[in-house]
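The structure appears right after this line, and notes come after that.
The numbers here are math on the coordinates, done by the rules we state, and not lab data. Keep in mind that this is a model prediction, so the values were computed, not measured. Glycine gets a Cβ as well: all are built from the backbone with ideal geometry, and neighbour counts include every protein chain shown.
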Amino acid sequence: MVKATKLELKSLYEAADEFERLQPWEWISEYQLLVVEDPETHIMGFCCIIGNKSDERGLKVYLGIDGLRHYIEMLDFNQLTIEDETLDSLLSRETCLSVGFNRVSELRNREVVAQFRDCLAGFVPISLTGGWQCRFLTQALKQVGELAELVKETPSFTLEDDQVLMRLQDFEGNWKTLKISLSVFLEQMKETGVRYENELAAYRISKLPSTNMVFEIARFLMPRPIEEKGDSRAYYPMITAILEKETKQLVFAEMSSPSLESQETILSRFANTLIKDLEFKPQCLVTDCEAVLRQFKDFSDKTKIPLMKVPELEAATDFVCDLMKIEEQFDASMEVDIEENIDLVLLTSREICQNILECDALSRHLPEGVKQQFTNIVELFHVVMLGHFQELPDHWSVQNVERACKEVLPGLLTEEELKIVPDILTHYLDVVGEAELIPNYIHLQKCVTESYS
């Protein structure tokens, strides 16, 4: 992913400031969808203004047809606005770019600050840093602002029941406003799904002997995110489990990332299970999940195994409950480990800070104010990294260090304290990095510096 330039980020912040001053949530609700076409990729951004029904204020730009589906699901669950403690878990269900405006009271008399997030369903939301994402969100803020002003300044303005307003560029680069039926996009939702391309395997499965067995398919995300080495962002592991309804025997299980590629791989591996291991096919496949229907529909059509939706699964539900109980027990043991780790980390970091401050060569260039707060801020940072992200110092990731600096510390420190955070953390990282206690300290130093620049 190409990073956003300083000029692109500046334009984004300016557009966000203008949007916040406009306050379009005063007359437009979360249920009034607006559409902006990205002039670069022609991806549709389905835009939802947040703030009319809650204290949260901002804009979400749901990306493409999958994004529209997530918006509709949020409407169904009445969860377009959410509390802070559920923010990450809920945003992990959405594919959108978002900007939220923090209230002054939340940041100890600081100005209202825009926070930008890049959300992909099934993945942990990250701060928005990509060049394309930055440019599209900038355009979306501007064009949604234009549409909001159009609605406000035209009292006679009306739309049909299924119509939405849309902004797009013509061939000459001029922005135009259209009224368009939402049904155009809803029809496209029906066409999306996972393609099963192995025609030979599908033919072999269709010729397998059939049984009276019913296979239940369950798919869900585990609550604990993981981050694989080399991946750009952490994700919530997706479990796909297939069980025989009567015997409750597990036929197939796979843990993967929630990406489209992983869904295609799951179809391929399930096909291999039928052909090589079972050597028969079930009477039908059933699920209670729309996402599973979309994933298995093409597979079902080509293998001639009927696929049906049922109100509730039986065998698979018990399997999921048992798995979640194991996860809860693991979480409980982890909480004890985290408390013990925090005590140990605090003791170690306190000793390191004391050694730094007592060594003239390591501390003589530090201002007096920095020295006074050095130990407190280093200890606080260790607690944040372990308590929020379950990361010990030798496993600190750039992504979570950035989140700690941008999202967590501003709510814990005063404005004056935040000013000295970069000096303290970069110096601390330099010392422990040179001592080979933190492997990637140079990247972490750069991350801290850029987070406060």
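For the reader, a short list of remarks on this structure follows.
- Zone of ARG204's modelled label, taken as backbone nitrogen in segment 278-303 under 19 Å from a point 7 Å along Cα→Cβ: 278-282, 299-303
- Using a Förster distance of 51 Å, the FRET efficiency for ILE43-LEU323 (Cβ separation, nearest 0.05): 0.90
- Remark: segment 162-262 carries a charge dipole of roughly 180 debye about the Cα centre, counting +1 on each Lys and Arg Cβ and -1 on each Asp and Glu Cβ.
- This model, with +1 at the C-beta of Lys and Arg and -1 at the C-beta of Asp and Glu, gives the chain a dipole about its Cα centre of some 1340 debye.
- Segment 158-197-segment 356-403 distance, computed between alpha-carbon centres (Å): 49 Å
- ASP17-HIS443 pseudo-label distance in nm [points 7 Å out on the Cα-to-Cβ vector]: 3.3 nm
- Beta bridges assigned by DSSP with both partners in the chain are antiparallel in approximately 80 percent of cases.
- Think of it as helices only: each DSSP H run of n ≥ 4 in the chain is worth -39500 (n - 2.57), and spread over all residues that comes to -15000 deg cm²/dmol at 222 nm.
- Label point distance in nm, ASN212-VAL2, each placed 7 Å from Cα along Cα→Cβ: 6.2 nm
- Ranked for footprinting exposure by Cβ neighbours inside 10 Å, fewest first, ASP430, ASP162 give ASP162, ASP430.
- Legend: calculated FRET efficiency, THR177 to ASP343, from the Cβ-Cβ distance at R0 = 51 Å, rounded to 0.05, equals 0.25.
- Counted without the sites themselves, the longest stretch of the chain free of GluC sites (Glu not before Pro) in a DSSP loop having at most 16 other beta carbon atoms within 10 Å is 315-435.
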